[in-house]
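One structure is given below, encoded as structure tokens.
The values are calculated or read from the model by the stated rules, or taken from the named source; none is laboratory data. Computed from a predicted structure; not experimentally measured. Virtual Cβ from ideal backbone geometry, glycine too; neighbours counted across all protein chains shown.
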């Protein structure tokens, strides 16, 4: 089968190559998926550059979410059979023609969605649900501030927040990306290239939850935006992971500073989260209240171009590889 390999240190997208490799074995409790599409995510970029190594036992091949057809089923798997069309969270190995997946991490393709759309969902939806709804505990009537409203995480946060009855404030860089975030339903969109976001957010009433993929100097500003007993949730560090904050502000506001990564979670925890997403988010997708937002679909052979596009930061929504 064909898989994506990194030829060099991975600092440039052009170092990605397609090579031949053996099909993975199907372990007990797993299924083998013939991949149709694979989502391209920020963690893939970081892993390519050597900044996000796979956890022990995970495939070294890039790719954290796929859609496709079940090719074969391992011992002990119930509820799934060969021929089922699915999407799945994978612990690596998604940039390949076949991938072995823990059956508990499978999701049905939502009714009415294409495989391209389904392949863009698992990593993003599970990440946003875990951080926005569980760690951030966002409730109807509250306000969430999300940075990078044009990104996969940002676009899903806008939609999930609105779907549960929250108000959403988003930041993005430039008028085009701001218009995109607004089109997804954000109540207020702030161009972070045009000026500081703190005053507009506070004028809007502040934020009960902040979901941040930026870090760096945004962290102290996020705290200024946060309401009493607000929750600040870190899910990325595109600027810097080393920051300085005034702890007195956290104490004064009785604020919670938290965050998480999805990939290092245990298989059992990912299974729990997958079940929660299937129960609470999949119905919203099938009802059309949340929709996949795909910017571009690249052929598998053009994986280098897909990564170069992600590197440019020009994307609005998700980037997908089609096998």
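Being part of a loop (DSSP other than H, G, I, E, B) and in contact (Cβ under 8 Å) with a residue 12 or more places away in the chain is the filter here; which residues of the stretch 192-203 pass it? I'd like the intermediate steps shown before the answer.
Residues of the stretch 192-203 that are part of a loop (DSSP other than H, G, I, E, B), as a first pass: 192-197.
Hits for the stretch 192-203 are 192, 193, 196, 197.
Could you tell me which of the residues 199, 143 is crowded, with 20+ Cβ neighbours inside 10 Å, closer than 24 Å to residue 243 by Cβ, modelled with pLDDT of 95 or more and out of contact with any helix residue (DSSP H, G or I) (no Cβ under 6 Å at 6 or more places or on another chain)? It would help to see each step written out before you state the result.
Working: 199 fails: crowded, with 20+ Cβ neighbours inside 10 Å.
It is 143.
Within 16 Å of residue 186 (Cα to Cα), in contact with a strand residue (DSSP E or B) (Cβ under 6 Å, 6 or more places away or on another chain) and assigned by TED's automatic domain parsing to the domain that holds residue 223: does that describe residue 154? Spell out how you get there, then give the answer.
Values: within 16 Å of residue 186 (Cα to Cα): yes; in contact with a strand residue (DSSP E or B) (Cβ under 6 Å, 6 or more places away or on another chain): yes; assigned by TED's automatic domain parsing to the domain that holds residue 223: yes.
When the stated conditions are applied, residue 154 passes them.
Among the residues of the stretch 117-128, how many are more than 15 Å from residue 232 (Cα to Cα) and touching a helix residue (DSSP H, G or I) at 6+ places or on another chain (Cβ under 6 Å)?
3
Hey, among 219, 235, 210, which residue is buried (at least 21 other Cβ atoms within 10 Å of the Cβ) and under 30 Å from residue 86 (Cα atoms)?
Details: 219 fails: under 30 Å from residue 86 (Cα atoms); 210 fails: under 30 Å from residue 86 (Cα atoms).
Result of the check over 219, 235, 210: 235.
Please find, within the stretch 146-165, the residue that is surrounded by the most Cβ atoms within 10 Å (Cβ to Cβ) out of those that are free of Cβ contacts under 8 Å to residues at least 40 places away in the same chain and not in a helix (DSSP H, G or I).
Among those residues, the one meeting the criterion is 164.
Do the conditions hold for residue 123, that is, is it touching a residue at least 60 places away in the same chain (Cβ under 8 Å) and surrounded by fewer than 23 Cβ atoms within 10 Å (Cβ to Cβ)?
Details: touching a residue at least 60 places away in the same chain (Cβ under 8 Å): yes; surrounded by fewer than 23 Cβ atoms within 10 Å (Cβ to Cβ): no.
The answer is no for residue 123.
List the pairs whose first member sits in the stretch 41-53 and is free of Cβ contacts under 8 Å to residues at least 12 places away in the same chain and outside the structural domain of residue 303 (by TED's automatic domain parsing), whose second member is surrounded by fewer than 22 Cβ atoms within 10 Å (Cβ to Cβ) and part of a helix (DSSP H, G or I), and whose Cβ atoms are under 6 Å apart, counting only residues at least 6 apart or on separate chains?
Filtered contacts from the stretch 41-53: no entries.
From 265, 296, 291, which residue is without any contact (Cβ under 8 Å) to a residue 24 or more places away in the chain, within 17 Å of the chain's Cα centre (by Cα) and surrounded by 15 or more Cβ atoms within 10 Å (Cβ to Cβ)? Walk me through how you get there before you give the answer.
Details: 296 fails: without any contact (Cβ under 8 Å) to a residue 24 or more places away in the chain; 291 fails: without any contact (Cβ under 8 Å) to a residue 24 or more places away in the chain.
It is 265.
On the given criteria, is residue 189 buried (at least 16 other Cβ atoms within 10 Å of the Cβ), assigned by TED's automatic domain parsing to the domain that holds residue 136 and either part of a loop (DSSP other than H, G, I, E, B) or in contact (Cβ under 8 Å) with a residue 60 or more places away in the chain (or both)?
Against the criterion (buried (at least 16 other Cβ atoms within 10 Å of the Cβ), assigned by TED's automatic domain parsing to the domain that holds residue 136 and either part of a loop (DSSP other than H, G, I, E, B) or in contact (Cβ under 8 Å) with a residue 60 or more places away in the chain (or both)), residue 189 does not qualify.
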